[in-house]
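The values are calculated or read from the model by the stated rules, or taken from the named source; none is laboratory data. For clarity, every value in this text was computed on a predicted model and none was experimentally measured. Cβ atoms come from the backbone with ideal geometry, glycine included; neighbour counts cover every protein chain shown. In case anyone asks, the SASA skips ligands and DNA or RNA and just uses the protein heavy atoms, side chains included. Shrake-Rupley method; radii C 1.70, N 1.55, O 1.52, S 1.80 Å.
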Amino acid sequence: LELKHQKRCDAMNFFEDLQLVYKKAFKDTTVKIKSSPIFLILPLVYGVLYTLATTLIGTVFGLNLGVIAGFIIPLVTSFILSSYFSVLSDLIYYNRISFRNFKNTFMAYFGSIYSVYFILIIISWIMPAFGGNTSIFILISIVINFAINPIAESIYIRGEYYTSAYTHSLEFMKENFILWIIPYLIYLVILHLLGFDFVSTITSSNIIDIPLGENLVSGVLYRQFLNPYILKNILATIITAVYAIFRGNLYKILQGSTRRKRAYMGEL
């Protein structure tokens, strides 16, 4: 009976903590969107730039550069993501967006992002060693996606880079797995209802790109204007913007506290 009572108390404490954390993250997200509504279109803007850059490099230089192109594409996309993360960081920390030093944003997180990309490139080289087994490949990709899911936030909020970004993400997920994954799954379900393949999202090697949702933009570039699918793509990028802000706020709350500390304080 005591064990059942303890489990019941633990469950109640968990759901109280969940409500407390999500309420705070949602409130902060609402404040930031109201203060800088322009951010809602930024995933689309940066996503178009990102997709154009990767497509250009892949088609023009890919055949000539071969393996080297695998390093150049992350190099270019790191500049773009650095700018996006810099803008997102300003919004998360200061409730505003500033383009005063816009040219400097492309270098703000460049080194950190590319150092993380470099490890992902090495992992992509190792994956074929599993013999081309599709099921194993998908399973490993899903495990990696879930295990280091907040790696983008560990870069632009905590300032981690290279291997420390991976180790911190693993530690963060060990402590906050359920609280972090629930919004991510809700986000994937919403994309699925809009007609996007969530399997390709969770098996993608571009884990750093999750707050940008760049794979949602390709349909905008390659479909006829005002096609219903384009409207879905644009809507998906707006939803991604909201989710990116929510992720940043949620990460900031969770990495700065523990469930015991939040329960002791009674508020955030």
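Details
- Residues in segment 129-138 that are of a type in the set (S, T, N, Q) and in a helix (DSSP H, G or I) were compared, and the one that is modelled with the lowest pLDDT is Thr134.
- Only one of the numbered conditions (1) over 23 Å from Pro74 (Cβ atoms); (2) part of a helix (DSSP H, G or I); (3) modelled with pLDDT under 90 is not met by Ile178, and that is (3).
- Residue count for segment 150-167, restricted to those that are assigned to a helix (DSSP H, G or I) and either open to solvent by 20 Å² or more (accessible area, probe 1.4 Å) or at positive phi (or both): 5
- Taking the numbered list (1) open to solvent by less than 30 Å² (accessible area, probe 1.4 Å); (2) modelled with pLDDT of 90 or more in turn, Ser141 passes all entries but (2).
- Which numbered condition Leu188 misses (of (1) more than 21 Å from Ser89 (Cα to Cα); (2) touching a residue at least 60 places away in the same chain (Cβ under 8 Å); (3) surrounded by 15 or more Cβ atoms within 10 Å (Cβ to Cβ)): (2)
- Every condition in (1) free of Cβ contacts under 8 Å to residues at least 24 places away in the same chain; (2) surrounded by 11 or more Cβ atoms within 10 Å (Cβ to Cβ); (3) part of a helix (DSSP H, G or I) holds for Ile126 except the one numbered (2).
- Scan segment 11-53 for residues that are open to solvent by less than 30 Å² (accessible area, probe 1.4 Å), closer than 16 Å to Val87 by Cα and under 19 Å from the mean Cα position of the chain (by Cα) and the total you get is 8.
- Scope segment 185-222; condition over 26 Å from Ile119 (Cα atoms), hydrophobic (A, V, I, L, M, F, W, C) and at pLDDT below 80; matching residues: Val220, Leu221
- Scanning segment 86-123 for residues that are open to solvent by 40 Å² or more (accessible area, probe 1.4 Å), of a type in the set (Phe, Trp, Tyr) and either in contact with a Gly (Cβ under 8 Å, 6 or more places away or on another chain) or modelled with pLDDT of 90 or more (or both) yields Tyr93, Tyr94, Phe106, Tyr109, Tyr114.
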